[in-house]
Amino acid sequence: MAFDLTDLRLFANVLEAGTITAGASASCITLASASERIRGMESALGVPLLLRTRRGVSPTPAGRTLLQHALIVLQQIERMQGDLGDHASGLRGHVRLMCNSAALSAWLPDRLAGFLHDHPGMSVDLQERPSHEIVDALRHGVCEIGVLADSVDAAGLQAFVLGADPLVLVVPRGHALAARRRIAFAEVLDWELVGLPAGSALDDHLAGHARRLGTRPRYRIRLGSFEAVCRMVGQGVGLAVVPRAVVQRCGRSAGVRAVALDDGWAARSLVLCVRELDALPAPARQLVARVLGASPGTGGG
């Protein structure tokens with residue numbers, strides 16, 4: 001049994017992407033070479049590693065075991081490269097970071113831009129995911145850092161509080177609901193909405209709460225950014241649920257105001273989570289320090 005780093009990286013990329021084709025592309029090798037490498041791994045082990053369907057691939061029990069070990073090996077290689085790079089020409093390395101919609105819009109861009117500017121040898125693989133998926137990804141080693149809502153169970157992870165990030169309803173300033181101080185999400189669902197693209201982290205989050213109420217949101221239009229959503233709401237197209245920080249940033253120019261949501265799940269904070277801070281590669285530790293600032297609050301999850 002002799003797997004090289006290309007084999008392990010390919011296998012991890014295939015399972016992260018969900019298809020051999022996409023995994024091969026992420027690994028910068030041809031589909032034919034990727035398929036041959038995976039067949040070689042299965043032959044060497046004597047067991048299938050992937051369940052292949054028309055929709056993609058998923059790991060067999062043996063595949064899940066291999067993935068866990070592959071991620072550990074790849075993380076150790078990245079950590080070694082990062083630590084050695086610190087002794088050469090400054091911080092170098094690659095960090096895998098997942099975040100929810102609110103973090104991607106309001107919290108991370110400025111912090112990441114400053115960090116990448118200061119460290120030219122650094123790169124970040126940034127992916128938007130629902131908070132519950134980020135927790136699973138952290139536990140399975142798919143990413144090193146996650147920024148998510150504290151409403152999900154992050155037991156077993158180290159969590160650092162970034163700040164309050166409640167979800168609010170935004171309405172046009174002259175709207176019938178503009179005078180309200182609070183409103184329940186169930187009442188919001190009686191109105192037509194403006195939202196983010198289907199499948200975005202916040203869209204999945206709101207759809208899940210709507211299902212629990214036995215209904216679903218009715219969207220008139222979906223747009224690619226919170227700022228565009230607020231501008232559309234200001235024009236009277238519909239209502240929207242967005243993070244409060246978005247309204248604080250662009251509410252005046254968009255012509256909207258915020259109404260607090262009564263639902264407990266809307267009163268959330270953003271947290272940065274890792275499996276174990278001291279075990280992170282040097283680039284990831286440096287990025288955590290930049291995002292958190294000097295004195296972050298900490299918690300166990």
Which of the residues spanning segment 187-210 are aliphatic (A, V, I, L, M), open to solvent by less than 50 Å² (accessible area, probe 1.4 Å) and over 16 Å from D165 (Cβ atoms)?
-> V188, L189, L193, V194, A207, A210
Any pair with Cβ under 9 angstrom, 6 or more apart, that starts in segment 1-23 at a residue that is touching a residue at least 24 places away in the same chain (Cβ under 8 Å) and open to solvent by 20 Å² or more (accessible area, probe 1.4 Å) and ends at one that is in a loop (DSSP other than H, G, I, E, B) and hydroxyl-bearing (S, T, Y) = T6/S27; R9/S27
Among the candidates S225, S253, residue that is open to solvent by 30 Å² or more (accessible area, probe 1.4 Å), among the small types (G, A, S) and within 22 Å of the chain's Cα centre (by Cα) | S225
Within segment 108-163, of all residues that are within 15 Å of L280 (Cβ to Cβ) and touching an Asp or Glu at 6+ places or on another chain (Cβ under 7 Å), the one least open to solvent (accessible area, probe 1.4 Å) is V142
For L277, which of the numbered conditions (1) of a type in the set (A, V, I, L, M, F, W, C); (2) closer than 26 Å to A113 by Cα; (3) surrounded by 19 or more Cβ atoms within 10 Å (Cβ to Cβ) fails to hold?
-> (3)
Please tell me if R216 is part of a loop (DSSP other than H, G, I, E, B) and farther than 22 Å from D165 by Cβ.
-> yes
Please indicate, with yes or no, whether at least one residue in segment 153-165 is part of a strand (DSSP E or B) and on the phi > 0 side of the Ramachandran plot.
-> yes
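The values are calculated or read from the model by the stated rules, or taken from the named source; none is laboratory data. No experiment lies behind these values; they were computed from the predicted model shown. Using ideal geometry, Cβ is built from the backbone for each residue, glycine included, and neighbour counts are taken over all protein chains shown. Protein only, heavy atoms only, side chains kept; ligands, DNA and RNA dropped before computing areas. Shrake-Rupley method; radii C 1.70, N 1.55, O 1.52, S 1.80 Å.
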